[in-house]
Amino acid sequence: MIKGLVRNIVKDLRIEFRSKVVISLILSFSVIVTISIGFASGGIIGSPMVHAILLWVIIFFSGMNTSHLFYREIEEHTALFNLMYYSPEGIFVSKLIVNCIIMVAVAAIAGLLYLFVMDVSVYNVSGFAIMVLAGSSALAVCTTIIAAITALVQARGGLFTILSFPITLPIITVVIKSTTQCFSKEIYSSWSAILFLLAFSTLLGVVSYILFPYIWREF
Amino acid sequence: MFTIKAHNISKRYSYRLFSNISCSVSTGESVAIVGPNGSGKSTLLKILGNIVSPDSGRVEYFDKMESIPAHTVIHYAGIVAPYIQCYNHLTLTENIIFAFGSVTDDAIELLHRLDMYQHKDKVLHTYSTGMQQRCKIAMALLKKPKVLLLDEPGSNLDDSGRKILFELIKEIQPFTAIIMATNDSREAKLCHRSIVLDKGIGA
Amino acid sequence: MVLIIIDALLMLATLYLIYIWVPPAAILGETSRIVYLHVPLAWVSTLAFIVAGLASIQYIRKNAIEYIHCARSSVHIGFFFSILTVITGSLWAKVMWGSYWNWDPRETSITLLLLVYIAYFSLHQIVHTNPKGAMLESVYLVIAFVASPFLIFVVPRLYPSLHPEPVINTQGAILLDTEMRLVLIISVVTFTLFYAIVLKLLLKVYKLEYVCTEDVS
């Protein structure tokens, strides 16, 4: 199973780097939106909470393009080809890991760019880094199966966002609160937030792992 | 010994495709599904391979006389069909390494026979449709499947490709259960028997 | 038929109890009567969601069409009741707290339920003709079922809320008077029975539709 996971992960990353569809979509979106916000606000927003909200809105909506990981398998008729060699559970875990890698990378880039463009002071750098890592991973874990559902109905556009938003609201609430503390001079402890994110994403990850084979079989 | 047994399977989309079809295929046997366009050949093939569920009836699968769960059948199967493609952004070598871990001597030999060895390091989306069909045949046969599902396997192949395909099917026949959906009488003749679908009835 | 008559009578009795029999709460006054509608509506919204989630789990396990009909019916009813909950809650919020919407955690949690319902309907619209549609809807409902308690049940208890814990009584203590408790329980039972009746009717409609579709084909 581990060999299968590694081969699937390598395959997906290789295809993404060659086709550059997901990466360019996500990066373009996050860069354009961040700079647009900078232009519109003149760099003056002020409140740590508003900065936290804007940052996570950018990361969340950038992440809504990762449904292409599954969409490509359906469009290019490779889903059954993959199933011939690997189990649905293995395929799900590999997609989840690739989704996490892409989301963390995008969140890191979007985060750094946002801090630079909006000139935001971070009073707790390690806490901020941990929250970006944990929050983006949690978002990726929770939305992977939604991406599969959206790909199976071949619905581009807003369906992925509509389906994901209620599910990810607990994560967004917690990370915005924690990030606000990082941007302000409040005493900050990330442990409760991290524990919540870990618990929530583990629960949803396990349930998604159990349910994925039921949807990823007839094409 | 691998066996597929279908009992009274029926399928309908917006119209009734076929009903009450029963058949059995075992290792060493080959069945051709023939019929006019739209008669449900590909659908019957998909049902027998557990790619699609029937509306009624059941399909049973046995490996070495023991029943196996239907959802595991695809792992025993090699499939060549229009609705299955290899990864177009990878080379043939990368596709083989993805599926099997490494390029073995068997793989090299098969690629030579299919006249694909010299193209193995080119990305698949640069291939013609005939070359892509040869890739699919290679990937299915390298798996040494217990059941081979072929849906119009000779489509897009030139005469030499078709000749190699027929040779490969004859070589693998004693070791595999083969089910082929085809319009081509030359392909159908490779099989021991046929299921003829016509106006929703199989014979 | 008997159940419908019983529930109709119960509904009339409940309305009588709410608007005539039960005394108004201290401090809150006559506006407190909306609680006897608002709380049962919120309860039925949540119950409908739970039933839809459990029915979806059963559909995934057994692949029997009755379960997806149950889930879909329950979602329809739950959506309707959620809207009523928001309306009654907003009306009471305007009287009690001065504005229709205050971002109180419990107001927000019912909104989350509404969001899940809306998302489900969006998915249903797209997949209902898809042979895999029922399975996709079920999987989504199960995911939402697992995720939602974190916001519906956990978060409202973590943050301070404007919603009163049972506070409506003549002494202003955090307890319900016997009369008020009785009326609330009767109201909850009436609305739950109403939900069960409507669910049963909708299941019959779905079954008839399904049988007719099978016959035509």
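Every number here is computed from the coordinates shown, using simple stated rules; none is lab data. What you see is a predicted model, and the numbers here were worked out from it, not measured in a lab. We place every Cβ from the backbone using ideal geometry, glycine too, and count neighbours over all the protein chains shown.
For this structure, a couple of remarks:
- Across peptide A:205-217, the mean count of Cβ atoms from other chains lying within 10 Å of each residue's own Cβ comes to 4.
- Using alpha-carbon coordinates, inclination of helix A:191-215 to the longest axis of chain A, degrees: 20 degrees
- DSSP-assigned coil residues among chymotrypsin sites (Phe, Trp or Tyr not before Pro) in the stretch A:48-139, each with at most 16 further Cβ atoms within 10 Å: A:Tyr123
- Among the chymotrypsin sites (Phe, Trp or Tyr not before Pro) in the stretch B:1-58, those located in a DSSP loop and surrounded by at most 10 other Cβ atoms within 10 Å of their own Cβ are B:Tyr15.
- Listed by chain and number, the aspartates and glutamates whose alpha-carbon sits under 17 Å from that of B:Lys120, ignoring those within fewer than 8 places in the same chain, are B:Glu94, B:Asp105, B:Asp106, B:Glu109.
- Over 30 Å between alpha carbons, listed pairs A:Lys95/B:Lys41; B:Lys46/B:Lys144; A:Lys11/A:Lys177; B:Lys64/B:Lys122; A:Lys95/B:Lys170: A:Lys95/B:Lys41; A:Lys11/A:Lys177; B:Lys64/B:Lys122; A:Lys95/B:Lys170
- Surrounding net charge for B:Ile51, when Lys and Arg each add one and Asp and Glu each subtract one, Cβ distance under 11 Å: 0
- Ranked packing of A:134-145, C:108-119, most packed first, by mean Cβ within 10 Å: A:134-145, C:108-119
- Length-normalised contact order of chain B in % [C-alpha pairs under 8 Å, at least 6 apart]: 34 percent
- Förster radius 51 Å - calculated FRET efficiency between C:Ile87 and C:Thr129 (Cβ-Cβ, nearest 0.05): 0.95
- Based on C-alpha pairs under 8 angstrom that are at least 6 apart in sequence, chain C has a relative contact order of 30 percent.
- Degrees, to the nearest 10: A:125-152 long Cα axis against longest axis of chain A: 30 degrees
- For the protein assembly as shown, the alpha-carbon coordinates run over 93, 69, 39 Å along the three principal axes, in decreasing order.
- 19 Å Cα-Cα reach of C:Lys94 towards aspartates and glutamates, excluding residues that sit fewer than 8 places from it in its own chain: C:Glu30, C:Asp104, C:Glu107, C:Glu165
- When the alpha-carbon atoms of chain A are used, the pair Rg, Dmax equals 17.7, 55 angstrom.
- Sites A:Val21 and B:Ser26 - FRET efficiency at Förster radius 45 Å, r taken between beta-carbons, to 0.05: 0.50
- Cα long-axis angle, helix B:129-142 against chain B (0 to 90 degrees, to the nearest 10): 80 degrees
- Normalising the average separation of contacting C-alpha pairs (under 8 angstrom, six or more residues apart) by the number of residues puts the relative contact order of the stretch B:89-203 at 22 percent.
- Pairwise FRET efficiency - A:Phe116 versus A:Ser28, Cβ, R0 = 22 Å, nearest 0.05: 0.80
- Within 10 Å of the Cβ of each residue in A:173-180, the mean number of Cβ atoms contributed by other protein chains is 1.
- Per-residue mean of foreign Cβ neighbours for B:135-146 is 1 (Cβ atoms of other chains, 10 Å radius).
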